[in-house]
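Remarks on the structure that follows.
Just so it is clear, none of the values below were taken in a lab; they were calculated from the coordinates. Fair warning: this is a prediction, and the values are worked out from it, not measured in the lab. Cβ sites come from the backbone with ideal geometry, for glycine too, and all protein chains shown count toward neighbours.
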Amino acid sequence: MTLLAPLLLLAGLALAIPLILHLWQRNQTETEAFPALRYLLTSTRDRDHTLRLRQLLLLLSRLALLALLVLAAARLVLPIGGRDHPSGSLVLIVDNGLSSGLVVEGERVLDHLRDRAREALGAAGAGDRIWVVAAGEPWRASFPLTPLQADSLLSTLRPTAVDPDLAGALARADALLAAAGDGPSEILLFSDLRGLETGEPPALESAVLILDTELPQVPHRGIAEVRVGGGLPPRAGDPSEVEVRIAGADSANVAVRIHLGEELVAAGRTDERGWGVFPLPAMGAGWWTGRVEIDPDALLADDVVDFALQVRAAPSVALQGPPPPFLAEALEALEAGGRIRTSPVPSAQVQFLMELAGLPGPSVDPSTELTVVLPPRDPSLLPAFNRWLEARGASWRMSLPDTPADAEYRLEVDGSGFPPSLAEVTLRWRVGLEGPPEGVLLRTGDGAPWLVEEVEATGQRLRILASPLDRSSSDLPLSAAMLPFLDRLLDPAEGPGASSAVQAGQPLPLPLEAHQVRAPDGTIRPADGISSVLETGRTGVWDLLDEGGAVMGRVAVRPAPPPGPRLAAEDVAAWMGTGARIVRDPVRWDREILPHRRGREVAPYLALLALLLLVAEGWLAAPGRNGGTRSSFLSPQSHSTPSVRRPLP
């Protein structure tokens, strides 16, 4: 029991007023009845007892009325019916990622988690501030809400295809509570603990309550990987193939269907490892979309995966200067595979410049769509390269190498559109690239530009690398990433961020020329002034539109890999730290929320009870209830018998 305004208990002194008046007005004389009136005294004795009982009830009701009003004014808090004082702050982390769409015992996991979150809101007080963090929608903003508003927000949550970042959601929730100020606070985690990306544990200042749903495990499989043409887009007129990998339960001998557009073009089954390779027919130049699908199971989101690819004719490439040995072999392999065509300098679509002697004049042939420039290994030649860039009107310049002799760097490849294997390449030498912040295609791990692109006023593209493609500068020439990297580097239609696929939840990079983005549901949003789209929870093919509304690119947003086994709540709590608690009782678990709160304020209920007592007191004191005389504190005896009174000796 707690009083929020204890000083108002001093008003309880008013309880003494009716009691003192009652005792003061008691009869202080001895009554002697005349013999002739003793019969009347006997006949009225029973009625006097009734009147005295009614007057005693009136006294008690008035004392209770004052006591209730005093306790209500002092704001009495009792540990009954809930704990909503003092007002607190709660952050509800709801896992609406990929695994939340799993159907368990006829109900989606998200629906189960939403019901538990609403039970938490039922235990919150009207003065509590609530934040809802959707782990499957990291781009969704969180605002302080009332319990009623938070309940409405929970109704809008839908399963996404995102692999939730638990560490990021916890860090965000902890920051919200830190900004909320003093008062009881707690983070509530609602998740089935499947497929969570925990990562490095955040340093949490807030307590965390984990609801262990203990939902039964449901066998599940899904499409884990789709790769077209070994990672290289098909060339016009050439057949290609699609590699598919199935992960999860019973991934062997799974029926797979390949659609190109709306046409079924291939079907088959996976091998005992869950892999399958399926043919794609020859396609003409242009953008193509398709999908890979398997039979549906308890989780539908990863049973269909879309892909988008741009089919083009092999570009003609002219070499300016002799290439290093391994680069020459890679270019020959690309030409043998039909990926590029060597061409005389004047008519080539791509000019590949590798030495100062090969640098052409600043004027470029109109048929050239792309110029790729490798830096000189000799730093003394950098001024000549910069003069050539300046004469061409480029914004970028090369500066002296800033790498120590034993320095090693890795490339940041995520979302760049270049092969993921490029992230394993080690760089040992590079020049500095100085220019505008936009147009960086690849960066090293320390944030320095390594490959940049500039679209010139003529519409031609200029790409500049920070490292020569030789063995002394990096191990790229000897790596498996060399051929797909060169194929992408020498493709004149590939602009910044023109990746054909991203995973749900990852930013969708936008080229500078994109003016609008069309989502899979047909919603169109402006793209001017932004470098990426963050809200990529919806899978399907996104269209990038130019100023005229024509499709200039397509990107397939794919679901996260199938979720793995459920994590143990104890392991998750240990990963979070000492501030995490686990509750498993599905009925009374909400009583564990903010356990240090003192209870619920009962002032409204006390005021209502006082009102009922006032009505009862009025009924008891009404005329006619006591022989026609109104009872009052000043008339404790409303009826007396005929008598003679004398003072007590």
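Rounded to the nearest whole Hz, the Karplus-based 3J(HN,Hα) values (6.51 cos²θ - 1.76 cosθ + 1.60, θ = phi - 60°) of the range 475-491 follow the sequence 9, 4, x, 9, 9, 5, 7, 4, 5, x, 5, 4, 4, 6, 5, 8, 8, with x at glycine and proline. In a fully extended conformation the segment linking Ala407 and Ala298 would gain 34.3 nm over its present Cα-Cα distance, using 0.36 nm per residue. Place a +1 charge on the Cβ of each Lys and Arg in the range 316-492 and a -1 charge on the Cβ of each Asp and Glu, then give the dipole magnitude about the Cα centre in debye, rounded to the nearest 20. Charge dipole of the range 316-492: 240 debye, to the nearest 20.
Peptides 501-508, 98-105 ranked from most to least packed by the mean count of surrounding Cβ atoms within 10 Å: 98-105, 501-508. Relative to the current alpha-carbon distance between Val345 and Leu614, full extension at 0.36 nm per residue lengthens the span by 86.5 nm. The label point for Ala203 and the one for Arg387, both projected 7 Å from the Cα toward the Cβ, are 5.4 nm apart. Counting charges near Arg172 (Lys, Arg +1; Asp, Glu -1) among other residues having Cβ under 11 Å from its Cβ returns a value of -1. Length gained on full extension, Ile524 to Tyr605: 23.8 nm, using 0.36 nm per residue less the C-alpha separation. Starting from the Kirkwood Rh over alpha-carbon pairs, what translational D in µm² s⁻¹ does the range 316-492 have by Stokes-Einstein at 20 °C and 1.002 mPa s? For the chosen part, D equals 131 µm²/s. Here the spin labels are modelled as points 7 Å beyond Cα on the Cα-Cβ line, and at Ser367 and Glu332 they lie 2.6 nm apart. Here the range 207-229 is scanned for amide nitrogen atoms under 17 Å from the site 7 Å beyond the Cα of Glu107 along Cα-to-Cβ, giving 211-218. Measuring nothing but how far apart in sequence close Cα pairs (under 8 Å, 6+ apart) lie, relative to its length, the range 120-272 scores a relative contact order of 14 percent.
Using a Förster radius of 25 Å, what is the FRET efficiency between Arg269 and Ala480 based on their Cβ-Cβ separation? Nearest 0.05, please.
It comes out at approximately 0.35.
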